[in-house]
Every structure is written in C-alpha cells, then in structure tokens.
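Here's the structure, in structure tokens; my notes come after.
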Amino acid sequence: MSPQSQYGSRPSVQESSVPHNPHPRRRDKLTVFHGKDKVPSKEQVDAFSKDLRDRATIPDHVYKTIDALPITAHPMTQFATGVMALQVQSEFQKAYEKGIPKSKFWEPTYEDCLSLIAQVPVLAAYVYRRIYKSGQIIPLDDSLDYGGNFAHMLGFDNPEMLELMRLYVTIHSDHEGGNVSAHTGHLVASALSDPYLSFAAALNGLAGPLHGLANQVLHPTASCQQIIVGFPLMMKMNCSYSLQCDCIIGKGGRSLNFLIVPTSYRQLSTKKLVGSYKR
C-alpha cells in the first residue's frame, strides 16, 4: 500500500509548548502531526497501529538464522544478524532493481522503515527470551500498544513496567545523528543501502563498548580507565536517564541495581573522573 493512500503525506514530528527537558508527565505535549498542520484522528491512529501489528510477522528463516548462532553469542550479534536476515524482504531493494525514479525513492524506504519499526520489538524480544528465558517465546498481544507489547513480549506485564517501557521507547527515539549508531545509519544509507542494511550497521556501532555496550558494563571497583555503567561517557547527567529515573522513583523503584547507578555517577562526579576513560 502506498504510504500516501492511508496516512496522508510523509509524516513529520512537531513539538507544541514542550520545555527543553520535558518531564514524563508532560510527554503528552509531544504531538505527531498527520501531514502539514493536521492532527491524526483516532481512526487514523488505530489504522496505523493495526498496520504495524500486521507488519510484525517475522519470517521463519530469520528465526532459523538466529538459532544457527551459539546461545552464548552476544545479544547484539544475534539482533543484528536477525535484522540482516530480514533484509531479503526490502521493498527499496526490489524497487531499485526495477529502476524506480529517484523522486520515488522515499516511498519504498518508508515502507521498509515501517516494517522495521514493527518487527524490531518482536526480534529483540526473541533474542532476549532465547538467551535468558530458555527460548520460551511470548507472542504479540493485539490489545496492547507498541511499547506495552514490547514489555509483554519480554515477559513483563505489570502496569508499571508497561508504562516505563512506553517512556523508554519514546525518549530513545530521539537519536537524530550525533552519536555513533545514528551517524552510522545515515552514512550507510547515503550509499542507497536499504533501511535494513543501514539499521544493521547502526546496531553494530551501538554494540561498541564506548557506545551502547557501556550500559551493561558494571564494575564498582574499576579504575578510571574503565567504563562504569556508561556514565563516564557524559560530562553531565543524560536527560533521558533523568526521565527514566523520575519515572522509576515515582513508581517506588528501589532495587539495588537501580540505586547503584546514581550512586556511582555521584561518586565519579565528585572525584572529577567523569569523561576520564581510555579511548
């Protein structure tokens, strides 16, 4: 289906009365506009949500490709491999091989991006459950929204976790090009590589220990040359972390793993070690 036939022209995101660092309770001020100066109706939003659910099917060959890897393979390796296996369904590649004019490039690209958006949570949840939950896969729930469904497929169904995942997905969508993964995606796409190839390349950049992988490294007794919970990558507290922290504290979150993060950050800041890591 042409992206223009159901949802109107190419969508854009616009902010309305949003503070520089909006609090989670003010995220409703972020409005996704349908075309120019048009707010989507409930029917259009429902149709879009249904379209994403319809696109969320993962072909069997993708699961087989992931399953061919050792269970000990890093989650990012399995995730990127799965995205590459999805690439065979790229609408852009098919259209380019048929000689689509440059003015129409965006249409199959848009289709690929929508399919990727729909499939990525299913794929990520599969990798997570394969590694950490003995391969016991949880299917999509058509009654849930995008973020809620991701939490559900991971195995979390309490309302607080669903709400946190909605916030997490929202704030992490703001990666426009300044970091390694977003820049890599743009760079690879500039060669007219389709969105699957570009996104897989971005994931491989994200997997580096000075980027996304830093979030899993936790060494409370590490020297200043080692990355601790990702925070030495920043000279000041990341606003996306602050939003999540506010949400978790507001829900009564007090786990040791959660509390050690701000504690580590404060200690590093006090000792002026933030940013002191070996490149």
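The values are calculated or read from the model by the stated rules, or taken from the named source; none is laboratory data. Since the model is a prediction, treat every value here as computed from it, not as a measurement. Cβ placement follows ideal geometry from the backbone for every residue including glycine, while neighbour counts extend to all protein chains displayed. Remember, those area values only see protein heavy atoms, side chains included, never the ligands or the DNA or RNA. Shrake-Rupley method; radii C 1.70, N 1.55, O 1.52, S 1.80 Å.
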Legend entry - Total formal charge among the other residues, if their Cβ is under 14 angstrom from that of Ile138, Lys/Arg +1 and Asp/Glu -1: 0
Inset, instruction - Could you go through the stretch 150-158 in sequence order and give the Karplus-derived ³J(HN,Hα) for each residue, using 6.51 cos²θ - 1.76 cosθ + 1.60 with θ = phi - 60°, rounded to whole Hz, and x for Gly and Pro? - result: 4, 4, 4, 5, 6, x, 10, 10, 6
Inset, instruction - Mind checking the full-extension length gain between Lys94 and Leu187? Use 0.36 nm per residue of separation minus the Cα-Cα distance, one decimal, nm. - result: 31.4 nm
Legend entry - 15 Å beta-carbon shell around Leu154, net charge (K/R +1, D/E -1): -1
Legend entry - Highest to lowest packing among 75-83, 56-64, 93-101, scored as the average C-beta count within 10 Å: 75-83, 56-64, 93-101
Inset, instruction - Heavy atoms only, probe 1.4 Å: what % of the accessible area of the stretch 47-156 goes to carbon and sulfur, would you let me know? - result: 59
Inset, instruction - Could you pull out the pairs from Lys42/Lys98; Lys42/Lys133; Lys50/Lys94; Lys38/Lys104; Lys50/Lys133 whose alpha carbons sit more than 32 Å apart here? - result: Lys42/Lys98; Lys42/Lys133
Legend entry - Local net charge near Ile117, Cβ-Cβ under 12 Å (Lys/Arg +1, Asp/Glu -1): -1
Legend entry - Estimated distance in nm for a label pair at Lys64 and His211, the labels positioned 7 Å out from Cα along Cα-to-Cβ: 3.1
Inset, instruction - Roll a 1.4 Å probe over the protein chains and send me the accessible area per residue for the stretch 43-128 in Å². - result: 51
Inset, instruction - State whether the stretch 113-164 is rounded, prolate or oblate according to the following rule on the C-alpha gyration tensor (a ≥ b ≥ c being the square roots of its eigenvalues): a/c under 1.5 gives rounded; otherwise a/b larger than b/c gives prolate, and the remaining case gives oblate. - result: oblate
Inset, instruction - Could you compute the FRET efficiency for His172 and Lys102, with r as their C-beta to C-beta distance and R0 at 22 Å, rounded to 0.05? - result: 0.10
Inset, instruction - For a quick protection proxy, order the peptides 44-51, 115-122 by their average other-Cβ count within 10 Å, most packed first. - result: 115-122, 44-51
